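The values are calculated or read from the model by the stated rules, or taken from the named source; none is laboratory data. Since we're looking at a predicted model, the values are computed, not measured. In this analysis, Cβ positions are derived from the backbone assuming ideal geometry, glycine residues included, and neighbour counts consider all displayed protein chains.
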Ligand code: GLC
């Protein structure tokens, strides 16, 4: 029996990076009016939920993840009036807007922090995570921030340090303080009242800090340890998040999806579904496979496709009886998925085939698909010739770390090519005119040269394009609803080339086989006995039991 699904389970979600989506002012950065002007592209992909990374007023040191005022739109994006127009225009197309809530930290220019940092006895003195120096005056602990250097920054006025999991300009909020939690719920509810359809909740697994701040075993030659290994998913965090759920989620027709780094598959029952704290969470175990389970960009490891498949299946299995998680391969923090997961396709010149293979998984595994802008075009990584041309603060700090770890400048740059967050943040490719149709001005970040062939206009006109395949898969979800609501069962576990699975309900079965390798592959024809081909990424002449390099097929029975 097909289960009763919520609207956000039946739809397709899309993530846009507003700074790089569509400029309408010629300033070289995207605007809200630009997003509104491109809603028809999203509608053509069956998108019903549009996640926008933060557009609140911000100094933009981490492209909006440093929020100065949660109740205002940053002027670079336009006005609140533009936002209301976006909501209305999206609504007219059946698309709900999903806001990004950044509540682990604020900008250091947020008035909350300005007040908190002004003295030890102001009304917001406890709103951030403050600590005294060690007796010798040095930082309270050896924790390293995500963007490099100590996670502690000195405040002259208080003669104390504040904690920042990310940049020095992103002080962590103190969730132990009830007024902070209330202020956060007020922000979220204000946006619910405005009519948004859901929230993606940023860096949420880091909000609970350990009771005692102490040095931890160093994980590198700098004597420091990644702060996330100390503050990630600390016991007690779920109490805060249940309160968030009661205060914000309950009673509203919205969905929540938490960014849940460091939540193991076994823990998912406490995080998603009816008894969990969110409707869904983004887990990152699969994205870490090519780095040997770490987040260190310059770790070169040999990894197996079966390990990637195992991580994907683990999540599917863990949430089977509870609800589900998003299916995603890209976002604004990740490399482009073809380079990341199917790297052999790049030198082989088969990136479109590889993008179609991943597209099949994205749109037919069990969960809400989250397409990231450009993924539907098969956009690949960017190779800028110098670190100076990158914008992302993490790219710069990782480059420096890689040099300190003994890599040459070329090797460090290659690590940046592979994993820089800017790979995903380059301007969207609309057509083959100057700057890919993104801006008439100077784009804030280099445009990927691939735009000349891989853009919405050209791919819309080409039946063999990645975009045409995405549209075919979207239509297929309508023709074969079992792809949306069916159970998920892996079919060829441990296979090094083929990822095969069945989606099944009482009446129908959809059988999916994807060749993740650059070589031809086979699977047991008995698995598709009596079934008919519904779609192949490489043509209707697909043979049962055989897959061409990167071919993706779905059979129905
Ligand atoms: C999340 C965001 C990332 C941001 C960080 C700090 O990981 O996805 O882009 O830099 O949080 O807010």
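Condition first: touching a residue at least 60 places away in the same chain (Cβ under 8 Å), more than 16 Å from the chain's Cα centre (by Cα) and in a loop (DSSP other than H, G, I, E, B). Now tell me which residues in segment 190-218 satisfy that.
Restricting attention to segment 190-218, the residues satisfying the condition of being touching a residue at least 60 places away in the same chain (Cβ under 8 Å) are 190-192, 194-204, 206-207, 209, 213-216, 218.
If we keep only those that are more than 16 Å from the chain's Cα centre (by Cα) too, we end up with 190-192, 194-197, 206-207, 209, 213-216, 218.
Hits for segment 190-218 are 195, 196, 197, 207, 209, 213, 214, 215, 216, 218.
Those residues that are without any contact (Cβ under 8 Å) to a residue 40 or more places away in the chain and not in a loop (DSSP other than H, G, I, E, B), I need them from segment 413-436; list them, please. Break it down stepwise before answering.
The initial filter retains those residues of segment 413-436 that are without any contact (Cβ under 8 Å) to a residue 40 or more places away in the chain, namely 413-414, 417, 431-436.
Selection gives 413, 414, 417, 434, 435, 436.
Quick one: which residue in 335, 326 is out of contact with any helix residue (DSSP H, G or I) (no Cβ under 9 Å at 6 or more places or on another chain), at pLDDT 95 or above and within 16 Å of the ligand (Cβ to nearest atom)?
Step by step, each of 335, 326 is checked, and only 326 is out of contact with any helix residue (DSSP H, G or I) (no Cβ under 9 Å at 6 or more places or on another chain), at pLDDT 95 or above and within 16 Å of the ligand (Cβ to nearest atom).
Please state which one of 538, 497 is more than 23 Å from residue 472 (Cα to Cα), at pLDDT 95 or above and crowded, with 19+ Cβ neighbours inside 10 Å.
Only one candidate passes the filter, namely 497.
Of 268, 241, which residue is surrounded by 19 or more Cβ atoms within 10 Å (Cβ to Cβ), free of Cβ contacts under 8 Å to residues at least 40 places away in the same chain and touching a helix residue (DSSP H, G or I) at 6+ places or on another chain (Cβ under 8 Å)?
One residue alone meets the criteria, 241.
Residue-by-condition table, conditions (1) within 20 Å of the chain's Cα centre (by Cα); (2) modelled with pLDDT under 95; (3) within 16 Å of the ligand (Cβ to nearest atom):
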residue	(1), (2), (3)
227	no, no, yes
231	no, no, yes
234	no, no, no
248	no, no, no
252	no, no, no
259	yes, no, yes
264	yes, yes, no
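Could you list, in sequence order, all residues of segment 291-325 that are closer than 17 Å to residue 424 by Cβ and surrounded by fewer than 21 Cβ atoms within 10 Å (Cβ to Cβ)? It would help to see each step written out before you state the result.
Keep residues of segment 291-325 that are closer than 17 Å to residue 424 by Cβ, which gives 291, 295, 297.
Result: 291, 295.
For the subset of segment 31-55 comprising residues that are within 16 Å of the ligand (Cβ to nearest atom) and touching a helix residue (DSSP H, G or I) at 6+ places or on another chain (Cβ under 9 Å), which member is farthest from residue 110 (Cα to Cα)?
Result: 52.
Taking strands (runs of 3 or more DSSP E) that do not extend beyond segment 93-181, which have at least 2 residues that are within 16 Å of the ligand (Cβ to nearest atom) and on the phi < 0 side of the Ramachandran plot?
Values: elements: 96-102, 152-155, 160-163.
Per the criteria, 96-102, 160-163.
Does residue 483 fit the bill of being in contact with a strand residue (DSSP E or B) (Cβ under 8 Å, 6 or more places away or on another chain) and either surrounded by 15 or more Cβ atoms within 10 Å (Cβ to Cβ) or in contact (Cβ under 8 Å) with a residue 24 or more places away in the chain (or both)?
Yes.
Of the numbered conditions (1) in contact with a helix residue (DSSP H, G or I) (Cβ under 8 Å, 6 or more places away or on another chain); (2) within 23 Å of residue 259 (Cα to Cα), residue 429 fails exactly one; give the number of that condition.
(2)
I'm trying to understand the selection: among the residues of segment 359-386, which are touching a strand residue (DSSP E or B) at 6+ places or on another chain (Cβ under 8 Å) and in a helix (DSSP H, G or I)?
Selection gives 359, 360, 361, 362, 363, 364.
Only one of these conditions is not met by residue 187: (1) away from the ligand (no atom under 14 Å from the Cβ); (2) assigned to a strand (DSSP E or B); (3) within 21 Å of residue 52 (Cα to Cα). Which number is it?
Checking residue 187 against (1) away from the ligand (no atom under 14 Å from the Cβ); (2) assigned to a strand (DSSP E or B); (3) within 21 Å of residue 52 (Cα to Cα), the one that fails is (2).
Of all residues in segment 204-227, which are surrounded by 15 or more Cβ atoms within 10 Å (Cβ to Cβ) and either out of contact with any helix residue (DSSP H, G or I) (no Cβ under 9 Å at 6 or more places or on another chain) or closer than 22 Å to residue 276 by Cα (or both)?
Those that are surrounded by 15 or more Cβ atoms within 10 Å (Cβ to Cβ) and either out of contact with any helix residue (DSSP H, G or I) (no Cβ under 9 Å at 6 or more places or on another chain) or closer than 22 Å to residue 276 by Cα (or both): 204, 205, 206, 207, 208, 209, 215, 224, 225, 226.
Can you name the residue in segment 31-56 that is in a loop (DSSP other than H, G, I, E, B) and within 19 Å of the chain's Cα centre (by Cα) and is also surrounded by the fewest Cβ atoms within 10 Å (Cβ to Cβ) among such residues?
Among residues in segment 31-56 that are in a loop (DSSP other than H, G, I, E, B) and within 19 Å of the chain's Cα centre (by Cα), the one surrounded by the fewest Cβ atoms within 10 Å (Cβ to Cβ) is 45.
So, in segment 57-75, of the ones that are free of Cβ contacts under 8 Å to residues at least 40 places away in the same chain and in a strand (DSSP E or B), which residue ends up farthest from the ligand (Cβ to nearest atom)?
Among those residues, the one meeting the criterion is 72.
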